[in-house]
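The structure under discussion appears below in the form of structure tokens.
Each value in this text was obtained by applying a stated rule to the coordinates, not by laboratory testing. Computed from a predicted model, the values in this text were never measured in an experiment. Glycine gets a Cβ as well: all are built from the backbone with ideal geometry, and neighbour counts include every protein chain shown.
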Amino acid sequence: MTLTNEKLMQTAVEAANDKKAMNIVTLDLRGVSLVADYFVICHGNSDTQVQAIVTEIRKRAHDEGVTIKGIEGMDSARWVLMDLGDVVVHVFHRDEREYYNIERLWSDAKVVEKV
């Protein structure tokens, strides 16, 4: 059984929430962009927390049989991008999230949920 994009997005949100990620926002990009169906955006308050959030999402995706296409930024843990296919996860350090404010860049997308 394959995981739907919506279920994969929910899995990523739950994993981030379990590691106390802050201000989790999911954007529905369907019909807005060909980049992905969903962006999951959150932040941690330290490099260690950012890495823990990413590690938990990676573990849960792996447990669901999802092939992670790539993870960038894990070394510096300031902005980690996880490519799960049609679900892209952005895990920021608090300072970088405020600076880049990618929710504003994708303001045409519908907010699916905020945690």
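So, of the residues in the stretch 27-64 that are among the hydroxyl-bearing types (Ser, Thr, Tyr) and out of contact with any helix residue (DSSP H, G or I) (no Cβ under 6 Å at 6 or more places or on another chain), which turns out to be nearest to residue 108 (Cα to Cα)?
Taking the candidates together, the pick is 33.
All but one of (1) among the hydroxyl-bearing types (Ser, Thr, Tyr); (2) surrounded by fewer than 19 Cβ atoms within 10 Å (Cβ to Cβ); (3) within 22 Å of residue 6 (Cβ to Cβ) hold for residue 38; state the number of the condition that does not hold.
So the condition that residue 38 fails would be (2).
Scan the stretch 11-24 and give yes if some residue there is in a strand (DSSP E or B) and of a type in the set (A, V, I, L, M, F, W, C), otherwise no.
yes
Mind checking which residues of the stretch 1-10 are without any contact (Cβ under 8 Å) to a residue 60 or more places away in the chain, farther than 10 Å from residue 64 by Cβ and assigned to a helix (DSSP H, G or I)?
Result: 6, 10.
Among the residues of the stretch 44-60, are any without any contact (Cβ under 8 Å) to a residue 24 or more places away in the chain and among the aliphatic types (A, V, I, L, M)?
no
May I ask you to verify whether residue 34 is under 21 Å from residue 103 (Cα atoms), of a type outside the set (Gly, Ala, Ser) and not in a helix (DSSP H, G or I)?
Considered against the rule, which asks whether it is under 21 Å from residue 103 (Cα atoms), of a type outside the set (Gly, Ala, Ser) and not in a helix (DSSP H, G or I), residue 34 comes out as yes.
All but one of (1) at negative phi; (2) out of contact with any Ser or Thr (no Cβ under 9 Å at 6 or more places or on another chain) hold for residue 73, so report the exception by its number.
Answer for residue 73: the failing condition is (1).
Residues that are buried (at least 17 other Cβ atoms within 10 Å of the Cβ): which strands (runs of 3 or more DSSP E) entirely in the stretch 52-115 hold 3 or more of them?
79-83, 87-93
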